[in-house]
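Data block below; observations after.
The values are calculated or read from the model by the stated rules, or taken from the named source; none is laboratory data. Note that the structure is predicted; figures quoted are calculated from it, not measured. Here the Cβ positions follow ideal geometry from the backbone for every residue, glycine too, while neighbour counts run over all protein chains shown. Ligands, DNA and RNA are excluded from the accessible area calculation, which covers all protein heavy atoms including side chains. Shrake-Rupley method; radii C 1.70, N 1.55, O 1.52, S 1.80 Å.
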Amino acid sequence: MTVYVKSGRIYQNGYQGLLEADLTTPLTIAPASASQPRIDLICAKYEEVEDEPEIRNVMTDVVSRNITQVEVKTRIASSIAFQVVGGTAAAEPTVPTTPEGWVALAKVTVPANASVIQQSNIVDMRPEIINIYQHDHSGGANGAKLDYNNLNNLPDLSDFTGATAEAAGKRGMVPAPAAGDQDKFLTGGKTYVPVASQTEAEGMTDDKKPMTALKVKQLIDKLLGASNGIAGLDAAAKLISDLYDFATTTEAQGGTNTTKPINAAGVAAAISALAGGAVIVDELLAQNGYVKFSNGLILQWGLFQTAGKQYNVVLSLPYQDWYSPVIAVSQAATEMIGYANLELNNFDITTGFGDNSERRGIYLCFGK
């Protein structure tokens, strides 16, 4: 769990420090977390180390030339300090912050439960510097070097040129906003434009000024007509009243309004009124069929043909209270024809006493 630093130089704040040989004493990495990885940082810093003081003879008075022994420091040597900045163990660890005044050399990934630092765990983080030892100041292509004699390659620091409908603008510096322009927007035409006012937003005629969220809300409130804005607007009710102004029940039953549309409830009310309060709720419009009304009235009809002097009619809908059959034959009978054995769900059609012929006809029942 150790890391060695190789020999090298450090350039920092105008000073140069030299590590002439590899460090013989390694930097110690703290024990690994048992469950999560972390990242440590190896840092270096230029330092000055003073020599041990020595006693020297110093002339303290140039006239008398008196000599006094004084303790002095004869030189200051450069040095490099190193430290390990420990990171925090996490599922996805991050590199710790480089301390102020230090330079990051490498980051070291410490796997969970690790007991050895592998070379693959160490990633170089030394900052690159420009090689100025053989730098040529004569100027070069592609902006690689500046011509310090005439400064031909300096960038244009003038304000940018605004675009028009006919011509494109040119890049440059942003023009300085004047006092009071802190809430304005800079356009491509090189103009600081204010935000639209509430009056301009509600007027919907300005095509230049930007709209803020508040101005959009104020416009919507005005268009919808809500007394306290969007929050108090019943959108569904507003759509129904403004876009679909349906006829009322009274108007639907009156049957005279020619401008308002009618909904399902209005149709039912109108039919009920026209039918005296009763509407058809069920029907079978067939040769043997029926019609059932909302007030309970049931009409049923069908064909019959007697055999053996009678025909049993089975009704499609049983009556609940009462009903009366009406019978008609297709040709005149020699004797009377009628019904017998009246039940709520069936009855018999019978021919007269002396009539032994088969008779055909229709029947109609009405009742509840």
Item to complete: Sequence neighbours fewer than 8 away in the same chain don't count; with that in mind, list the lysines whose C-alpha is under 19 Å from LYS170.
Response: LYS190
Worksheet item: Can you list residues whose amide H is under 5 Å from GLY169's amide H, if they're 5+ apart or on another chain and H is modeled 1.01 Å from N?
Response: ALA163, THR164
Discussion item. Cut-off 16 Å, label point 7 angstrom out along Cα-to-Cβ of ALA340: give me the residues of the range 273-309 whose amide nitrogen falls inside.
Written reply: 306-309
Worksheet item: Carbon-plus-sulfur fraction of the accessible area of the range 272-316, 1.4 Å probe, in percent?
Response: 56
Worksheet, complete the sentence: Amide H contacts under 5 Å for GLN12, restricted to residues at least 5 apart in sequence or on another chain and with H modeled in the peptide plane, are GLY17
Worksheet item: Which pairs, out of LYS184/LYS208; LYS6/LYS73; LYS184/LYS222, put more than 20 Å between their alpha-carbon atoms?
Response: LYS6/LYS73; LYS184/LYS222
Worksheet entry | Rounded accessible area of TYR15 (nearest 10 Å², 1.4 Å probe) | 120
Discussion item. Can you compute 3J(HN,Hα) from phi for each residue in the range 20-25, using the Karplus curve 6.51 cos²θ - 1.76 cosθ + 1.60 with θ = phi - 60°, rounded to whole Hz and x for Gly and Pro?
Written reply: 5, 9, 4, 5, 7, 9
Worksheet item: Applying the Karplus parametrisation 6.51 cos²θ - 1.76 cosθ + 1.60 with θ = phi - 60° to the phi angles of the range 109-125, what ³J(HN,Hα) value in whole Hz is obtained for each residue in order, glycine and proline being reported as x?
Response: 7, 10, x, 4, 6, 6, 10, 9, 8, 8, 4, 5, 7, 9, 10, 5, 10
Response to the item:
Residues meeting the amide H criterion for LEU105 (H placed from the backbone, H to H distance under 5 Å, 5 or more places apart or on another chain) are ILE42, CYS43, ALA44
Discussion item. For GLU52, what accessible surface area do you get with a 1.4 Å probe? Give it in Å², rounded to 10.
Written reply: 140
Practice prompt. Would you kindly derive the ³J(HN,Hα) couplings of the range 356-364 from the backbone phi angles with the Karplus curve 6.51 cos²θ - 1.76 cosθ + 1.60 (θ = phi - 60°), listing them in order in whole Hz, with x for Gly and Pro?
Written response: 9, 7, 6, 10, 10, x, 10, 10, 9
